[in-house]
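The values are calculated or read from the model by the stated rules, or taken from the named source; none is laboratory data. All figures in this text were calculated on a predicted structure; none of them were measured in a lab. Note that each Cβ is placed from the backbone with ideal geometry, even for glycine, and that neighbours are counted across all protein chains shown.
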């Protein structure tokens, strides 16, 4: 889906969150938006083991995850078309986001989730009033269940397939550009499963470049868990598309996607940006989550994957370069086991 040209004069700071960019959003029914205040999350400067960087706190979106950017636009489009009921499949964050925004819009939601998904995420989906459907087996089985229902006529509000998801994700690039004083970072680091945030951000930065507002595009870094790294395998083999990888359990459940449906576009963006795909072990992810929490920032393991790859990224970064790391989901989504607590 093509975006309207980016016009900095059309930014409306009087609108909440990402709706400051409403003039640049191709909604079929612009005007009074269904919103929970998503977007315009903080960008905070910090250091990580001596590396200067900025954290983009997507965990502070209304449902605790970056998915709200895409869901807000998708639900506005679906509501404008008169849908009364939607379905989706999700390992947790996308389902919780759709459940919340569907509730806000007065639309019933039915969410298929892997039976092994985080109890906290499943509870969040249910508390919004959505119908929760646990599906046994690997993550792909939840997708198959949703696709079967969609084939029977249900409105499939898939965060993966709906084109407005990527439009919503593009707004993160515009926010970062504003928050950095109207300049682009040199590096944009994010966890990648289906890759909607990476691809949407890339298109957002491209829109800024097309408008003549930045003179270079950031290098993209896709962070994946070693146990599920289809993009890393494809890059190493110099393939244009990712092949499915064996499904192995990982604490980074939000990016446990054995083959992203937009793998060709993701790999193209990574190569065009001279970017990298970096992986982290289970131990590195857990350590990064704990170390970040000790700095006052509590994220789920999926988000910590982007932090865990920073040691591998460090040799590629020049001292003066600006690094933005996206922290995609709150630690409250997947709280760790806490032992030996005293009264």
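Considered as a group, the residues in the range 103-116 that are closer than 19 Å to residue 302 by Cα and surrounded by fewer than 19 Cβ atoms within 10 Å (Cβ to Cβ) include one that is modelled with the lowest pLDDT, and that residue is 116. How many of the residues making up the range 306-319 are touching a helix residue (DSSP H, G or I) at 6+ places or on another chain (Cβ under 6 Å) and over 15 Å from residue 220 (Cα atoms)? Summing the residues that are touching a helix residue (DSSP H, G or I) at 6+ places or on another chain (Cβ under 6 Å) and over 15 Å from residue 220 (Cα atoms) in the range 306-319 gives 1. Checking 83, 100, 79, 33 one by one, the residue that is buried (at least 17 other Cβ atoms within 10 Å of the Cβ), within 22 Å of the chain's Cα centre (by Cα), over 30 Å from residue 315 (Cβ atoms) and assigned by TED's automatic domain parsing to the domain that holds residue 122 is 100 and no other. Total residues in the range 225-252 satisfying the condition of being outside any loop (DSSP other than H, G, I, E, B), in contact with a strand residue (DSSP E or B) (Cβ under 6 Å, 6 or more places away or on another chain) and under 17 Å from residue 281 (Cβ atoms): the figure is 2.
If you check residue 170 against the conditions, is it under 19 Å from residue 113 (Cα atoms) and in contact (Cβ under 8 Å) with a residue 40 or more places away in the chain? So residue 170 does not fit the description; no. Scan the range 196-210 and tell me whether some residue there is out of contact with any helix residue (DSSP H, G or I) (no Cβ under 7 Å at 6 or more places or on another chain) and part of a loop (DSSP other than H, G, I, E, B). Checked against the condition, which is being out of contact with any helix residue (DSSP H, G or I) (no Cβ under 7 Å at 6 or more places or on another chain) and part of a loop (DSSP other than H, G, I, E, B), the range 196-210 yields no hits at all. Taken over the range 45-76, residues that are surrounded by fewer than 24 Cβ atoms within 10 Å (Cβ to Cβ) and under 17 Å from residue 117 (Cα atoms) amount to 0. Filtered by the rule that a residue be in contact (Cβ under 8 Å) with a residue 60 or more places away in the chain and either at positive phi or in a helix (DSSP H, G or I) (or both), the range 297-315 gives 302, 303, 305, 306, 307, 308, 310, 311, 313, 314.
Screening residue 201 with (1) closer than 20 Å to residue 69 by Cβ; (2) over 18 Å from the mean Cα position of the chain (by Cα); (3) surrounded by 24 or more Cβ atoms within 10 Å (Cβ to Cβ) gives one miss only, at (2).
Is there a residue being on the phi > 0 side of the Ramachandran plot and either assigned to a loop (DSSP other than H, G, I, E, B) or in contact (Cβ under 8 Å) with a residue 12 or more places away in the chain (or both) anywhere in the range 253-262? Within the range 253-262, none of the residues are on the phi > 0 side of the Ramachandran plot and either assigned to a loop (DSSP other than H, G, I, E, B) or in contact (Cβ under 8 Å) with a residue 12 or more places away in the chain (or both).
Using the structure shown, decide if residue 153 is out of contact with any strand residue (DSSP E or B) (no Cβ under 8 Å at 6 or more places or on another chain) and either part of a loop (DSSP other than H, G, I, E, B) or surrounded by fewer than 16 Cβ atoms within 10 Å (Cβ to Cβ) (or both). When the stated conditions are applied, residue 153 passes them.
Residue by residue, here is whether (1) within 24 Å of residue 48 (Cα to Cα); (2) modelled with pLDDT under 95; (3) surrounded by fewer than 17 Cβ atoms within 10 Å (Cβ to Cβ) holds:
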{"residue": "239", "(1), (2), (3)": "no, no, yes"}
{"residue": "251", "(1), (2), (3)": "yes, yes, no"}
{"residue": "263", "(1), (2), (3)": "no, no, no"}
{"residue": "267", "(1), (2), (3)": "no, no, no"}
{"residue": "272", "(1), (2), (3)": "no, no, yes"}
